[in-house]
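What follows is one structure encoded as structure tokens, with my remarks underneath.
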Amino acid sequence: MGSSVRSWEGSAAMFVASTVVIFLVLLLLPGSSLSPLATPLNLGWALLTAVVTATFATLAEAVSPHGTDNLSVPLTAAGVVWIFMQGF
């Protein structure tokens, strides 16, 4: 099945990319025509949620066996965002 060794560079890239994408989605999607009923988040809450979610997603990617990160990362990220949206 191949090696599941992850590099520090890859993990850093995963963290940065995840943080940016999650932040933009949380900042821009709620209240838009794609999600009109969702409550928009303030800048600080969106950034905090993005950093924490990206941290957990990066950890999930790092410990997942080869090939299973395609499922574990999105599920982990969705779970963390859901917890934050419940008011933590």
- [ ] Write down the accessible area per residue of the chain in Å², having rolled a 1.4 Å probe over the full set of protein chains.
- [x] 66 Å²
Task: Alpha-carbon Rg with Dmax, taken over the chain, Å - done: 14.1, 44
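Relative contact order, percent, of the chain when contacts are C-alpha pairs under 8 Å separated by at least 6 residues?
Taking the mean separation of contacting Cα pairs over the length of the chain, I get 30 percent.
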Task: Theoretical FRET efficiency, 1/(1+(r/R0)^6), r = Cβ-Cβ of Leu34 and Ala12, R0 30 Å, to 0.05 - done: 0.50
Open item on the list: If I fit a long axis through the Cα atoms of helix 8-28 and take the longest principal axis of the Cα atoms of the chain, what angle between them do I get, 0 to 90°, rounded to 10?
Closed with: 20 degrees
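The values are calculated or read from the model by the stated rules, or taken from the named source; none is laboratory data. Every value quoted in this text rests on a predicted model; they were computed, and no experiment measured them. Cβ coordinates were reconstructed from backbone atoms using ideal geometry, including for glycine residues, and neighbour counts include every protein chain displayed. With ligands, DNA and RNA removed, areas are computed over all heavy atoms of the protein, side chains included. Shrake-Rupley method; radii C 1.70, N 1.55, O 1.52, S 1.80 Å.
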